[in-house]
Amino acid sequence: MRRRPYIIGLTGNIACGKSSVLRELAALGAETIDADQVARELTEPGSPILEEIAREFGPAVLRPDGSLDRRALGAIVFRDPVALRRLEAITHPAIVAEIRRRVARSDRPVVVIDAIKLFEASLARDCDEVWVVTCRPEQQLARLMARNGLSEEEALARIRAQPPQEEKVARADRVIDNSGSLEETQRQVHALWREILAKIGRLAPDAATDPVAE
């Protein structure tokens, strides 16, 4: 019988640096499942979910080629909590089901689920531990504006649509502070990774050096 993987839930508010941590964990050998990427795959042109989104929010959320205009949809739902809940009611069940399917078929010892709505979608209960990535609020705003090409008003609307960062931190098993350099974040990830490997019997607690520090 195949052994169940050790599951890490990775979350944090928008533009706090989850993707950087996820890439590092993938490089270390974890299987990574990005909920946002799953959502993109499930809303490709012609998919039932995309058709339902278009019925609910209108044709303006579609590009001329029939693909989802995520920015147009975001402009609607991040300013209206009711609209955001309607969108999540359409998308979350299918996204959660697909994530669970991928975890179940994994042959890796460690699987990481990256989901900004890890707690809200009840995925946290599937996890052996939850890591929350944080950064300073001014960094979050600047990163989001630069990454998504948003105005300050648009970026703040997305940030304010989410529960306060402190709520996630309060429910975390581990917190990664992404306020410093990439190397500092990597050191935190590597230290936690060694702890996980020791916990699942893949590494003695004192058997590895930090490759970032070498």
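In a GNM of the chain with a 10 Å cut-off on Cα contacts, which of E195, E98, E138 has the highest mean-square fluctuation?
Ranking E195, E98, E138 by mean-square fluctuation puts E138 first.
Sum -39500 (n - 2.57) across every DSSP H segment of at least 4 residues in the chain, then divide by the residue count to get the 222 nm mean residue ellipticity, nearest 500.
On the way: 9 runs with 107 residues, N = 214.
That comes out to -15500 deg cm²/dmol.
Quick one: what are the phi-derived ³J(HN,Hα) couplings along segment 85-102, Karplus 6.51/-1.76/1.60 with θ = phi - 60°, whole Hz, x for glycine and proline?
Those phi angles translate into 5, 5, 4, 5, 5, 6, 8, 4, x, 6, 5, 4, 4, 5, 4, 5, 5, 5 Hz.
For a quick check: with amide H placed at 1.01 Å from N, whose amide H comes under 5 Å from V133's, ignoring anything fewer than 5 positions away on the same chain?
The answer is T11, G12, I176.
Would you grab the residues whose amide H sits under 5 Å from the one on Y6? Only those 5+ places off in sequence or on another chain, please, with H modelled 1.01 Å from N.
V110, V111
With the Cα gyration tensor of segment 6-199 giving a ≥ b ≥ c as the square roots of its eigenvalues, does the rule (a/c under 1.5 for rounded; else a/b larger than b/c for prolate; else oblate) give rounded, prolate or oblate?
On the way: a/c = 2.01, a/b = 1.36, b/c = 1.48.
The shape class here is oblate.
Under the definition of Cα pairs under 8 Å and six or more residues apart, what whole-number percent is the relative contact order of the chain?
33
Mind checking which lysines have their C-alpha under 16 Å from K117, skipping anything on the same chain fewer than 8 residues away?
K18, K168
Compute a Gaussian network model of the chain, connecting alpha carbons closer than 10 Å, and tell me which residue from D107, D173, D65 fluctuates the most.
Maximum among the listed residues: D65.
Can you work out the Karplus-derived ³J(HN,Hα) for every residue in segment 15-30? Use 6.51 cos²θ - 1.76 cosθ + 1.60 with θ = phi - 60°, whole Hz, and x for glycine or proline.
Per-residue couplings from phi come out as 6, 8, x, 4, 4, 5, 5, 5, 4, 5, 5, 5, 5, 7, x, 6 Hz.
If each residue's Cβ is checked for other Cβ atoms within 10 Å, how do K18, K117 rank with the fewest at the top?
K117, K18
Farthest toward the dipole's positive end in segment 11-89, which of A15, A30, P59, given Cβ charges of +1 (Lys, Arg) and -1 (Asp, Glu) about the Cα centre?
Projecting each Cα onto the dipole axis, the largest value belongs to A15.
Shape verdict for segment 66-153, please, from the Cα gyration tensor: rounded (a/c under 1.5), prolate (a/b greater than b/c) or oblate.
Judged from the Cα gyration tensor, segment 66-153 comes out oblate (a/c at least 1.5, b/c at or above a/b).
Each value in this text was obtained by applying a stated rule to the coordinates, not by laboratory testing. Source: prediction; values computed, not measured. Reconstructed Cβ throughout: ideal geometry from the backbone, glycine too, with neighbour counts over all protein chains shown.
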